[in-house]
Amino acid sequence: MSAHTLAGVAPCSVRAPSSRTTPRRGRRAASVATRAGGKPGENGEPYVATNVFVVPDGDAAVVKRLKDEMASRQTAMKAAPGFVSCDFHPGPGVNEHTFKQQWSTKQAYEDYMNTPERRRSHLAAGVYQYLPKDKWSVPENFTPLLPKK
């Protein structure tokens, strides 16, 4: 069984860190493109929520609990109306893990976030987060915030 696979539960797509040699498109360019196309989750634009979680000391047990929780959330998301995809992968930095969800509309995302299963779902002690950089994503409840990078 792979390190990212739980018995009976298929996790979100999991990728190894990239060895990218070309620069990524700048955040400003992505932000301008978003404004030009309208608000995410409206007028046919998908709603994407991205969170970066950090396990500062890289504790393997805490990382495993984080992966287990994300796999559990994926199972609940797949059953929710409007779910399109999710991706949980290491990076962008050392001991960081990115979780990206895509929904057909912002309302579908909010409906999922307000389900009893999601409201009871919390991350393990030892996991921290950065405040999302875009104005559309929301921080995880009950998970301490780290200062911006």
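For every residue, the table says whether it meets (1) modelled with pLDDT of 90 or more; (2) among the hydrophobic types (A, V, I, L, M, F, W, C); (3) in contact with a Ser or Thr (Cβ under 8 Å, 6 or more places away or on another chain).
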| site | (1), (2), (3) |
| --- | --- |
| Gly82 | yes, no, yes |
| Phe88 | yes, yes, yes |
| Val94 | yes, yes, no |
| Gln102 | yes, no, yes |
| Met113 | no, yes, no |
| Pro116 | no, no, no |
| Tyr128 | no, no, yes |
| Pro144 | no, no, no |
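Among the aromatic types (Phe, Trp, Tyr), farther than 30 Å from Asn43 by Cα and in contact (Cβ under 8 Å) with a residue 24 or more places away in the chain - does that describe any residue in segment 128-135?
Yes, the conditions are met somewhere in segment 128-135.
Could you list, in sequence order, all residues of segment 100-146 that are more than 15 Å from the chain's Cα centre (by Cα) and assigned to a loop (DSSP other than H, G, I, E, B)?
Listed by number, the residues that qualify are Ser104, Thr105, Asn114, Thr115, Ala124, Ala125, Gly126, Phe142, Pro144.
Filter segment 39-83 for residues that are in contact (Cβ under 8 Å) with a residue 40 or more places away in the chain and aromatic (Phe, Trp, Tyr) and give the result.
Hits for segment 39-83 are Tyr47, Phe53.
Is it the case, given these coordinates, that Ala71 is surrounded by 14 or more Cβ atoms within 10 Å (Cβ to Cβ), in a loop (DSSP other than H, G, I, E, B) and either under 13 Å from the mean Cα position of the chain (by Cα) or not hydroxyl-bearing (Ser, Thr, Tyr) (or both)?
No.
Does segment 106-149 hold any residues that are among the hydrophobic types (A, V, I, L, M, F, W, C), under 25 Å from Ala60 (Cα atoms) and touching a helix residue (DSSP H, G or I) at 6+ places or on another chain (Cβ under 9 Å), and which are they?
Leu123, Ala124, Ala125, Val127
The values are calculated or read from the model by the stated rules, or taken from the named source; none is laboratory data. Fair warning: this is a prediction, and the values are worked out from it, not measured in the lab. Cβ coordinates were reconstructed from backbone atoms using ideal geometry, including for glycine residues, and neighbour counts include every protein chain displayed.
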